[in-house]
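Student: Sharing a structure below in structure tokens format, with a few things to ask.
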Amino acid sequence: MRVIDLSGAFSIEHYKSNPHSGTHVDSPAYLFPDGKKVEEFDLERFVSEAALLDLSHKKLGQPIDDEDLEAAEEAAGLALREGESVILYTRMGTSFPGGYLSRNGAEYLEFKGVGLVGIDADSIDSAESVEMATHRVLLSRDILVLEGLRNLASIDSARFRLVSLPLKLTAATSPVRAVAVLE
């Protein structure tokens with residue numbers, strides 16, 4: 001068994017001023033006043049099988065849409081499964097604007113019934129997004145959003161186990177220590 005750390009550095013001082021920084025998870029309460037908070041989700045949602053989709057060919061600032069996702073699935077030789085996590089590897093890291101998921105891409109993943117969508121960018125939405133359409137599509141269906149992942153290039157398997165445990169907070173967002181577990 002190999003365990004790969006997918007988390008970026010964490011600073012409590014930075015978190016206090018911006019809880020939407022570093023490797024973190026967003027719950028529906030982030031955008032919806034009556035939405036579920038992080039602590040209201042079963043822990044099983046944060047420990048799941050995951051599919052890694054390589055979208056590293058996308059250029060800086062280009063959206064990831066449904067056709068990109070389908071092509072990445074095909075290239076990896078897999079089909080997304082209901083309830084699993086999907087991790088988008090863009091190689092953008094902290095670049096802004098980096099790779100981001102379009103509304104159309106979010107609707108595709110919602111249709112597939114995934115439970116969590118993660119990305120190696122600071123936000124799953126475009127840097128210019130005011131309405132946060134991607135977050136809205138996913139969070140309105142209780143699909144968790146995991147942002148700020150690192151070291152995705154170290155994962156050499158299309159499928160792996162993802163562990164992304166949040167702190168036990170009554171909050172809309174929480175820092176996480178995310179790891180990939182490979183057999």
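Bear in mind these aren't lab numbers, they're just calculated from the coordinates by the rules spelled out. What you see is a predicted model, and the numbers here were worked out from it, not measured in a lab. Because the Cβ atoms are built from the backbone with ideal geometry, glycine has one as well, and the counts that use them run over all protein chains shown.
Student: Please identify every one of the GluC sites (Glu not before Pro) in the stretch 42-87 that sits in a loop by DSSP and has no more than 12 other beta carbons within 10 Å of its own beta carbon.
Tutor: Qualifying residues, ordered by number: Glu82.
Student: Antiparallel as a % of all DSSP beta bridges within the chain, to the nearest 5?
Tutor: Antiparallel: roughly 60 percent of the beta bridges in the chain.
Student: Which value, in debye to the nearest 20, gives the size of the charge dipole of the chain about its Cα centre, when Lys and Arg are +1 and Asp and Glu are -1 at the Cβ?
Tutor: Dipole size: approximately 560 debye.
Student: Reachable lysines from Lys37, Cα under 29 Å, same-chain residues fewer than 8 places away excluded?
Tutor: Reachable lysines: Lys16, Lys112, Lys168.
Student: Using +1 on the beta carbon of Lys and Arg, -1 on that of Asp and Glu, and nothing else charged, what's the dipole of the stretch 1-59 about the Cα centre, debye to 20?
Tutor: Here the size comes out at about 300 debye.
Student: A further question on this structure: Just to be sure I understand the model, the point goes 7 Å from the Cα along the line to the Cβ. What's the resulting Leu169 to Asn18 distance in nm?
Tutor: Distance between label points: 1.5 nm.
Student: Also, I was wondering about something else. Let me check I've understood the local charge: for Ser7, count other residues with C-beta under 14 angstrom from its C-beta, Lys and Arg +1, Asp and Glu -1. What total comes out?
Tutor: -2
Student: Right, here's the next one. Which whole-number percent gives the relative contact order of the stretch 2-182, counting Cα pairs below 8 Å spaced six or more residues apart?
Tutor: That works out to 36 percent.
Student: Loop-only check: which GluC sites (Glu not before Pro) in the stretch 100-162 are DSSP coil with at most 16 other Cβ within 10 angstrom?
Tutor: Within the stretch 100-162, the qualifying GluC sites (Glu not before Pro) (loop, at most 16 other Cβ atoms within 10 Å) are Glu128, Glu131.
Student: Still on this structure, please answer the following. Could you work out the helix-only [θ] at 222 nm for the chain, with each DSSP H run of four or more residues adding -39,500 (n - 2.57) and the total divided by the number of residues, to the nearest 500 deg cm²/dmol?
Tutor: Computed mean residue ellipticity for the chain: -5000 deg cm²/dmol.
Student: Identify which of Ile12, Ile124, Ile155 has the largest mean-square fluctuation in a Gaussian network model of the chain, with springs joining Cα atoms closer than 10 Å.
Tutor: Ile12
Student: Hey, another quick one. State the extension gain, in nm to one decimal, for the chain segment bounded by Glu110 and Val3, taking 0.36 nm per residue of separation less the distance between their alpha-carbons.
Tutor: Length gained between Glu110 and Val3: 35.7 nm.
Student: So what's the projected area for the stretch 26-85, the Cα convex hull averaged over all directions, in nm²?
Tutor: 5.6 nm²
Student: With a ≥ b ≥ c taken as the square roots of the eigenvalues of the C-alpha gyration tensor of the stretch 97-181, please select rounded if a/c is under 1.5 and otherwise prolate if a/b is larger than b/c or oblate if it is not?
Tutor: Since a/c stays below 1.5, the shape of the stretch 97-181 is classed as rounded.
Student: Please name which of Leu138, Leu169, Ser123 has its Cα lying farthest along the dipole of the stretch 93-177 towards the positive end, using unit charges on Cβ (Lys, Arg +1; Asp, Glu -1) and the Cα centre as origin.
Tutor: Leu169
Student: All other residues with a Cβ under 14 Å from the Cβ of Asp54 taken together, and with Lys, Arg as +1 and Asp, Glu as -1, what is their net charge?
Tutor: Result for the local shell: -3.
Student: Right, next: Given the options Val130, Val163, Val38, state which has the largest fluctuation in a GNM of the chain using a 10 Å cut-off (strictly under) for Cα springs.
Tutor: Largest GNM mean-square fluctuation: Val130.
Student: With springs only between Cα atoms under 10 Å apart, run a GNM on the chain and tell me which of Leu169, Leu138, Leu146 wobbles the most.
Tutor: Leu169
Student: Can you list the trypsin sites (Lys or Arg not before Pro) in the stretch 47-148 that are in a DSSP coil and have 13 or fewer other beta carbons within 10 angstrom?
Tutor: Hits after loop and neighbour filter: Lys59.
Student: Taking square-rooted eigenvalues a ≥ b ≥ c of the alpha carbon gyration tensor, is the chain rounded, prolate or oblate, where a/c under 1.5 means rounded and, failing that, a/b exceeding b/c means prolate?
Tutor: Because its axes are fairly even, with a/c under 1.5, the chain counts as rounded.
Student: Under 10 Å from the Cβ of Gly148, count the other residues' Cβ atoms, weight Lys and Arg +1, Asp and Glu -1, and hand me the total.
Tutor: -2
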